[in-house]
Amino acid sequence: MIGIIGGTGVYEITDQAQEVEKKVLETPYGDSPEISLFELHNREIAFIPRHAEGHDYPPHMVNYRANIWALKKMGVKQIIATNAVGSLQTSIGPGDFVIPHDFLDFTKLRPGTFYDQRTVHVDMTNPYCDKIRNALVSAGEVVDQGVYVCTEGPRFETAAEIKMFQMLGGTLVGMTGIPEAVLARELEMCYASICLVSNYAASISPDKLTIDEVFEIMEKRKHDLVTLINHAIEFMPPEDGCPCQKALEGAEVDEV
């Protein structure tokens, strides 16, 4: 089963599905948003809107653990996530799709692990699954590779922060990619992201940043985004043999 996590503006992608089943799952962290189950290219798909269907939860209040736990409970082994982001580079502009290969975590308060009661150190050398990344790169016109900077939100970043992120090698800035990628790795799930650039980041953009431009770009490019995901699923290899599926090997401290 393939999981798809819809970000800002992506609350439903079941237009091509003939039969759709809806479920809400109980998890140790609370109920999940409503999950849509359907088939696409002979693969079972579980779609979950990150913010819930009405965009009920801002980035810092999303129940990331419930979302990822629910997908795992349903049998999902591979996840394609969508993220709306700002660009830190003038060469990557609004409307571009970027498939990140690494991240910088500047979140502060959100729970970031399933293992508060156990000592588990998962390897994040390659935080995004190469198999899924390759499928996404093969599926359409995208920018291959980028460093995703995740901030706490819900405010936009300052000009000084953007300059710092650029100096650190950041390519994109957003508020929802972390801890999602980490939590998926902790549950030994393959995970990769399609980032849709909605604007240039603060100080790069000559204009005031607004949430309206995010939704405007998402509306313009949503069909292309869904098409990209559709094609990527055709290229998706089986998860068997992927290192992501063995992430806990050597990660847990044995009891003394």
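Quick rundown of the values:
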| item | result |
| --- | --- |
| The range 104-209: trypsin sites (Lys or Arg not before Pro) in DSSP loop, at most 13 other beta carbons within 10 Å | LYS108, ARG118, ARG155, LYS208 |
| Proximal lysines to LYS220, defined as alpha-carbon separation beneath 26 angstrom and excluding residues fewer than eight positions away on the same chain | LYS208 |
| Amide proton proximity set for GLU157, modelled H, under 5 Å, gap of 5+ | ALA202 |
| Most fluctuating residue given options GLN117, GLN245, GLN166, as computed from a GNM of the chain linking Cα atoms under 10 Å | GLN117 |
| Positive-pole candidate from LEU40, GLY86, PRO28, dipole of the range 15-99, charges at beta carbon | PRO28 |
| FRET efficiency, 1/(1 + (r/R0)^6) with R0 35 Å, evaluated for GLU21 and LEU168 via beta carbons | 0.20 |
| Residues with amide H under 5 Å from that of GLU44, placed H, sequence gap 5 or more | ILE2 |
| Note, ³J(HN,Hα) from phi for the range 77-94, Karplus 6.51, -1.76, 1.60, rounded to Hz, x at Gly and Pro | 10, 10, 10, 10, 10, 10, 9, 8, 9, x, 9, 9, 10, 5, 6, 10, x, x |
| Under Karplus coefficients 6.51, -1.76 and 1.60, residue-wise ³J(HN,Hα) of the range 176-191 in Hz, glycine/proline x | 10, x, 10, x, 3, 5, 5, 5, 4, 5, 5, 9, 6, 10, 6, 8 |
| Residue-normalised accessible area of the chain, given per residue in Å² at a 1.4 Å probe | 47 Å² |
| Share of carbon and sulfur in the accessible heavy-atom surface of the range 168-256 [1.4 Å probe, %] | 51 percent |
| Once exposed loop GluC sites (Glu not before Pro) are cut out (DSSP; at most 16 other Cβ, 10 Å), longest piece of the chain | 153-248 |
| Where a label projected 7 Å from the Cα of ASP130 along Cα→Cβ would reach, residues of the range 57-96 with amide N under 20 Å | 78-81 |
| Spacing of the two label points (7 Å from each Cα toward its C-beta) at THR113 and GLU249, in nm | 2.2 nm |
| Simple spin-label estimate for THR158 and TYR57 in nanometres, 7 Å along Cα-Cβ | 2.9 nm |
| Listed residues GLY112, GLY174, GLY86, most fluctuating in the chain (Gaussian network, C-alpha, under 10 Å) | GLY112 |
| Karplus 3J(HN,Hα) series, Hz, for the range 137-149 with 6.51 cos²θ - 1.76 cosθ + 1.60 (x for Gly, Pro) | 5, 7, 8, x, 7, 9, 8, 8, 5, x, 9, 8, 9 |
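The values are calculated or read from the model by the stated rules, or taken from the named source; none is laboratory data. Bear in mind the structure is a predicted one, so any value in this text is a computation, not a measurement. Here Cβ is always computed from backbone atoms with ideal geometry, including for glycine, and neighbour counts include all displayed protein chains. SASA here: full protein model, heavy atoms, side chains in, ligands and nucleic acids out. Shrake-Rupley method; radii C 1.70, N 1.55, O 1.52, S 1.80 Å.
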